[in-house]
Amino acid sequence: MTFAQIRRVEDGDVEYDAIVIWCPGCASRENWGGLHWLPVSDTQGKRPVWQWNGDLVNVGLEPSILTRGHPDFVCHSFLRNGQWQFLSDSTHPLAGQTVSIEHLPDWALSE
């Protein structure tokens, strides 16, 4: 099972590495999905990055991950040692809970 992958992103003149993870809180919103690509390195210094613990199984990221959707969806969490810690300001059913990281869906895996 693959819980996270690192992928190289090229966006115009900006290149960075992103960690790809699946968020069950964001996935709880109908027709929205839960796939995140979060920058974890940028040697050019052109974008902020999450601090990653280097582990693709027991993933840890800092600072928190905040996702907002229209009209009133909020998913706010920490991902620490392979555990999602959903904060109480989240508006989905996992708010206030801690759950284990889930594997990436097959369709999201790179070869």
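The values are calculated or read from the model by the stated rules, or taken from the named source; none is laboratory data. Not measured: the values here are computed from a predicted model. Using ideal geometry, Cβ is built from the backbone for each residue, glycine included, and neighbour counts are taken over all protein chains shown.
Any chance you could count how many residues in the stretch 82-106 are free of Cβ contacts under 8 Å to residues at least 60 places away in the same chain and of a type in the set (D, E, K, R)?
Qualifying residue count for the region: 2.
Run Phe78 past the list (1) touching a residue at least 60 places away in the same chain (Cβ under 8 Å); (2) among the aromatic types (Phe, Trp, Tyr); (3) out of contact with any helix residue (DSSP H, G or I) (no Cβ under 9 Å at 6 or more places or on another chain) and report the number of the one that doesn't hold.
(1)
Would you say Pro105 is loosely packed, with under 15 Cβ neighbours inside 10 Å and either touching a helix residue (DSSP H, G or I) at 6+ places or on another chain (Cβ under 7 Å) or at pLDDT below 95 (or both)? Write out each step before concluding.
On the way: loosely packed, with under 15 Cβ neighbours inside 10 Å: yes; either touching a helix residue (DSSP H, G or I) at 6+ places or on another chain (Cβ under 7 Å) or at pLDDT below 95 (or both): yes.
So Pro105 fits the description; yes.
For the subset of the stretch 59-68 comprising residues that are surrounded by fewer than 16 Cβ atoms within 10 Å (Cβ to Cβ) and more than 10 Å from Leu79 (Cβ to Cβ), which member is farthest from the chain's Cα centre (by Cα)? Before you say what the answer is, go through the steps one by one.
Within the stretch 59-68, the first condition is being surrounded by fewer than 16 Cβ atoms within 10 Å (Cβ to Cβ), and the residues that meet it are 62-64, 66, 68.
Subset that is more than 10 Å from Leu79 (Cβ to Cβ): 63, 66, 68.
Details: Pro63: 11, Leu66: 9, Arg68: 13 Å.
Residue satisfying both the conditions and the ranking: Arg68.
Just to be sure I understand, how many residues within the stretch 16-68 are assigned to a strand (DSSP E or B), touching a Ser or Thr at 6+ places or on another chain (Cβ under 9 Å) and touching a residue at least 60 places away in the same chain (Cβ under 8 Å)? Write out each step before concluding.
To start, the set of residues in the stretch 16-68 that are assigned to a strand (DSSP E or B) comprises 16-22, 35-41, 51-52, 61-68.
Within this subset, residues satisfying the condition of being touching a Ser or Thr at 6+ places or on another chain (Cβ under 9 Å) are 16-18, 20, 36, 52, 64-67.
With the extra rule that they be touching a residue at least 60 places away in the same chain (Cβ under 8 Å), the set shrinks to 20.
Looking only at that region, the number is 1.
Condition first: of a type in the set (Ser, Thr, Tyr) and more than 28 Å from Asp13 (Cβ to Cβ). Now tell me which residues in the stretch 27-58 satisfy that. Reasoning before the result, please.
Applying the first criterion (of a type in the set (Ser, Thr, Tyr)) to the stretch 27-58 yields 28, 41, 43.
Selection gives Ser28 alone.
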